Structures are given as structure tokens and as C-alpha cells.
1. Residue check, Ile120 against (1) crowded, with 21+ Cβ neighbours inside 10 Å; (2) modelled with pLDDT of 95 or more; (3) under 26 Å from Thr76 (Cα atoms), all met but one. Which one?
2. Name the single residue, out of those in segment 282-309 being part of a strand (DSSP E or B) and over 16 Å from Ala253 (Cβ atoms), that is nearest to ligand 1 (Cβ to nearest atom).
3. Of all strands (runs of 3 or more DSSP E) completely enclosed by segment 197-267, which ones contain at least 2 residues that are at pLDDT 95 or above, surrounded by 17 or more Cβ atoms within 10 Å (Cβ to Cβ) and β-branched (Val, Ile, Thr)?
4. So in segment 156-166, with the set limited to residues that are within 13 Å of ligand 2 (Cβ to nearest atom) and touching a Ser or Thr at 6+ places or on another chain (Cβ under 7 Å), which one is farthest from His84 (Cα to Cα)?
5. Confirm whether Val179 is out of contact with any Lys or Arg (no Cβ under 8 Å at 6 or more places or on another chain) and among the β-branched types (Val, Ile, Thr).
6. Check Leu146 against each of (1) surrounded by 14 or more Cβ atoms within 10 Å (Cβ to Cβ); (2) under 27 Å from Glu77 (Cβ atoms) and name the one condition it does not meet.
7. Being away from ligand 2 (no atom under 16 Å from the Cβ), under 26 Å from Ala83 (Cα atoms) and either touching a residue at least 24 places away in the same chain (Cβ under 8 Å) or of a type in the set (Ser, Thr, Tyr) (or both) narrows it down to one of Leu325, Leu275, so name that one.
8. Consider Thr288 against the criteria (1) farther than 25 Å from Ile151 by Cα; (2) away from ligand 2 (no atom under 16 Å from the Cβ); (3) polar (S, T, N, Q): it satisfies all of them except one. Which criterion is unmet?
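The values are calculated or read from the model by the stated rules, or taken from the named source; none is laboratory data. Computed from a prediction, not measured in an experiment: that's the story for all the values here. Note that we place each Cβ from the backbone using ideal geometry, even for glycine, and neighbour counts take in every protein chain shown.
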Amino acid sequence: MKKLEVLVVFDSAGTPPENQDFTEEFKTNAWFAESSVVKELRRMGHTVHTLGIYDDVSLLVDNLKDKPPDIVFNLTELFMGKAHLDKNIPALLELMNVRYTGCSAGSLELCNNKALSKKILMYHRIMVPRFFTFKKGKKISIPKKLRFPVIIKPLREEASTGISQASYATNESRFLERVQFIHDNMNMNAIAEEYIEGREIYVSVIGAQRLLAFPIRDMKFSKVPDGEPHIATYKAKWDEEYRKKWGISNGFADDLPNSVTKQIHRTCKRAYRALSIDGYARFDCRLTDTDKLYVIEANGNPDLAPDDEFAESAQRGGCSYDRLLARILNLGLEREDIIML
Ligand SMILES: Nc1ncnc2c1ncn2[C@@H]1O[C@H](COP(=O)(O)OP(=O)(O)O)[C@@H](O)[C@H]1O
Ligand SMILES: [Mg+2]
């Protein structure tokens, strides 16, 4: 691959230091994705510059004007700490006609909205849980067609923020309480979805014209008693002690029959196209005991830490970390023509 000038852009978790020096941060676990991408790109021979941003786009605009790179490697997931503003970074890059990696602004918008994405998937006859949305500030009434149990989530969040065991409601009062909690404590609109009993499945897909789906992974809840909901809550994802206590582990769903794996890959590729994703994405799904697949959500630009779902899947699929990053760069470079259209 041609050696490139790459600007890696990431969230700085608050106003970035004036000198943009992230050496100390990069030594910590919380920055593993950013530090790994930067290190690997350098190892691959590219010239890499980095830029942390929080709430000031002029940093990015000035940087691009001063030293236009061949491509921006977009690792941002937030702007001003808000997940739904992430799409505006690629939107800005599109306006500036700068090539970048990952999902376009449009597809990030579709992925981030848990109701809008489901409406589109339903049109394509991809199974999604039945859902209802509840706008903050409006009176909460219980829809006639709502069937318990349900799970109540912020409409536009990521990484299980705002998802706990209390998100699972089996009756009206628990339901009302949780919707109110999301309105009042999180200051967000809410979505209530019928709870799909089944295996928690993760499917990683990459590509634009031609799509590649990597080996399927799952989350196991070995010590959560039967009858209790098995939910990838915030704690189930990020709290090591909690994971140990409840026997929660992530791994490969190697026991799935070939025919089921094929079917899941096909469905997720269809979902990928339906949401016009053109970078890389991970689908969070539930697989029922009769092998019906429900798409719970699409995550555009999922975390790229080498030990996270996407890179683990890619690795098992024969795409080592450097090849994965090369593929992501190439997809971004090929998009030049699309920007010019
Ligand atoms: N309709 C549903 N049925 C069953 N489990 C669900 C449903 N919606 C969410 N969950 C559980 O909650 C987790 C987080 O929900 P998700 O919509 O993926 O939010 P986030 O964007 O925060 O990851 C899922 O991975 C799954 O375990
Ligand atoms: Mg999710």
C-alpha cells in the first residue's frame, strides 16, 4: 500500500491540551483503541499526525487547512460528549472535500437513531423488535399494542449508556418509571422495545461495494439465573468485577450450525446496505431458540481496539490488525469519487 499522510482524529474527553500531547493518555487502558491505531499505522510506514477534539471544530478545520493529509482516520464517537453529534465530523469532512475512514455522515445518523434505523430495516423485511418512542416533555401514555416485557433505552445513545437491569420492565409502573428516568435524569427521548428472549450475538461487517462479514461473536451469561433477563447492560460490558460475578464473557459463537451462520451473515449484510453503511459496522442482535434473528441495533464505526469485538472478529476471519486498518484506509480512499459526485 502507498505510504500516506494520515491525520488520526479522536475524542479528547474534555478540552484537549494546548500542545495536543496525548503521550500519557495513550499509556492507559481507556485509550487503547486510539494508541493501537496510531502505533499500527506508524508501523505500517504511514506518516501519522494526531488531533484530539472535544467541542471546537475550528481545531480540525485549521489543522486540515495547515497540513492537508491524504486521509483522516476518524476515531471520534462523540462531539461535546454527545453520541448523536458524531455524524457531524464526517459531515464537516465531506463539506471540506477531505477523504476519511469509516461511515459517512448519513449512515451514522441512521445507525444512531434506534427508531429510524428499525423503520428502515422493517421496510426491508429484516426482523426488529416492535418499538414505541416517547418524547421528553410529552405526556407518557401506554400504547395499547405494547406487550411486556419491554426494554427501555435512550433513543440515541451508545455503549449501553443508560441501560441497566432496571431498563427491563414487566409491568406498567416499572415501564413508566424508567421512561421518566430517561427523560428527567438523562434529558433524552426514550424508546421502549419488546424484549427479545435469546442469545446475544455480534456481527461485524466491512465494505462498500463488496461486503465482508467476519466470524460471529456472542456474550454469554453463565451465572445469570434462568428467568432473569440477559442484557448487555453498561456493567455487563465494562465492569470486570460484575462480569466475573455473573459469569459474563465474550467469545466466538462457534457452536452455531453453518446454515445459521450463513443466514445471519446474509441478514446483516442486507441490513448494512439498507442503512447505506459504507465503512464498517457491528450489528447487535438476538437469536431466538428457533434461530430467528432480530437486529437490535447497528453500530457504525465500532471501537477498533485490538481486543474489542470488531478487531477480534476480523482477526479470526483472517484479517490481521494491519490488514484491517489497511482495508479501512482503502475504503476511505476509494470514497473520493463519491465525494466528488
Ligand atoms: N429489544 C431487545 N430485546 C432484548 N435485549 C435487548 C433489546 N434491546 C436492547 N437489548 C439489550 O441491551 C443491550 C444494549 O442495547 P443497544 O440497543 O445495543 O444499546 P447501545 O447502543 O447502548 O449498545 C443489547 O446488547 C441487548 O443485550
Ligand atoms: Mg449495542
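1. (1)
2. Only one residue tops the list, namely Glu297.
3. The strands (runs of 3 or more DSSP E) meeting that bar are 199-207.
4. Ile163
5. Yes, satisfied.
6. (2)
7. Leu325
8. (1)
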